[in-house]
Amino acid sequence: MSRAEARAGSASRNFDVVVIGAGQAGLAIGYFLARQGRRFLIIDAASSVGSAWRGRWDSLRLFTPRRYDSLPGLAFPGDSDGYPTRDEAVAYLELYAKTFDLPIELNSVVRKLAAENGKYFLEVDGERITADQVVVATGPFQTPNVPTIAGDLAPGVFQAHSTDYRRPDDVPKGRILVVGGGNTGFQIAKELSKTHEVQLAIGSRQTPLPQRILGRDLFWWLKKAGLLRTRVDSRIGRRAQHRDTLIGSSPRELKRRYGVELKPRLVGMDERTARFADGTESEVGGVIWATGYRAPIIGGSTFQFSTPTGAFATSAGLRRFRTSTFSASRGSTRVARRYSAG
Ligand SMILES: Cc1cc2nc3c(=O)[nH]c(=O)nc-3n(C[C@H](O)[C@H](O)[C@H](O)COP(=O)(O)OP(=O)(O)OC[C@H]3O[C@@H](n4cnc5c(N)ncnc54)[C@H](O)[C@@H]3O)c2cc1C
């Protein structure tokens, strides 16, 4: 539904709850709000639900098997032990929104969120919407982080952030430097190694974890050990937030099996010459920045936020919405006013 259609005939709208973001977190919250009979609205800037997944590369497979990718009330279709593709993730989120007939307004950018006299005001493309409670489900992966040295590459040399990478055919021939030793950097380096000479610059090493152990998926073991239900504000939860892990990849495998040359941190760029922390240099034909996302001010969004106290409740208030690994670990974690699922 477009905003114009939704607004036709209504002056100022008021809701019990407004959810900002129609990704997996926002949709799952919508499911619970519908069950409670709340008057609510889910607002998203994109033209379709699950937009974060649509913006990822063609060959992406989730590292979480389908059995852990279901949102509440609807099983993720297919082999529960298998790993869905990007397109399956998008299709599932679309199906989810349709199955529960969630009230979603797309193409609607929240520009401002403010609290006044115990209510919230949202500025959405010129319209002012009021709500008793607001859930910020805008996710952590909205604003690509590209280091400033990207500007030192010669004009015309191919460079793209991982969010703009889709497939090897789009990458010009020649030596490609992938920058960033996280899951994204490793996966793109592996894919490109079939068609290109590839170097991977690893700034800080992440702990490699096998995707499968003794025939079972890693997440099966994590669940068995109770780690999937760990609260983010617990001791283990707090530690885990600052530790990234490489799932199903390792530097050794990348080098031996895929022939990718490993380099340390990239420290400088001069036209086509990349300089690394160990003093070595290399001429590159193109760069892919797998350098993550900028730390969000509020859950990844770009809108302004103000309250008299400036305070946000944290994800502890969302705990009862935690339904699967898919939505819990790296998803939207903040809620305006502690929201209780009742
Ligand atoms: C390359 C990659 C691979 C991944 N693989 C996996 C995996 O295998 N398994 C797994 O569990 N997780 C994976 N993740 C993490 C997963 O994608 C995130 O946890 C998830 O997308 C977060 O969901 P979310 O609903 O919180 O936010 P998102 O899905 O990012 O949704 C946020 C929504 O908010 C909207 N929005 C933002 N700002 C505004 C605004 N101002 N106004 C209106 N709308 C706004 C956006 O348009 C967006 O639709 C991966 C992430 C990346 C980057």
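Each value in this text was obtained by applying a stated rule to the coordinates, not by laboratory testing. Owing to the predicted nature of the structure, the values given are computational and were not obtained by experimental measurement. All Cβ positions, even for glycine, are placed from backbone atoms using ideal geometry, and neighbour counts span all protein chains on display.
If only the Cβ of Lys and Arg carry +1 and only the Cβ of Asp and Glu carry -1, the dipole of the stretch 189-271 around its Cα centre is close to 740 debye.
Fewest-first ordering of TRP53, TRP220, TRP289 by other beta carbons within 10 Å of each residue's beta carbon gives TRP220, TRP53, TRP289. Close amide H contacts of LEU60 (hydrogens built in the peptide plane, cut-off under 5 Å, sequence separation of 5 or more or a different chain): ARG86.
Among the listed pairs LYS190/LYS263; LYS194/LYS263; LYS194/LYS223; LYS224/LYS255, a Cα-Cα separation exceeding 23 Å is found for LYS194/LYS223; LYS224/LYS255.
With Cα atoms defining each centre, the stretch 103-136 and the stretch 166-183 are spaced 39 Å apart in the structure. Looking at the stretch 73-213 alone, DSSP beta bridges between its own residues are antiparallel in about 70 percent of cases. Under a model in which nothing but the beta-carbon of Lys, Arg (+1) and Asp, Glu (-1) is charged, the stretch 180-234 shows a dipole of about 340 debye around its Cα centre. Local charge for SER12 was computed over the other residues whose Cβ lies under 9 Å away, with Lys and Arg +1 and Asp and Glu -1, and equals +1.
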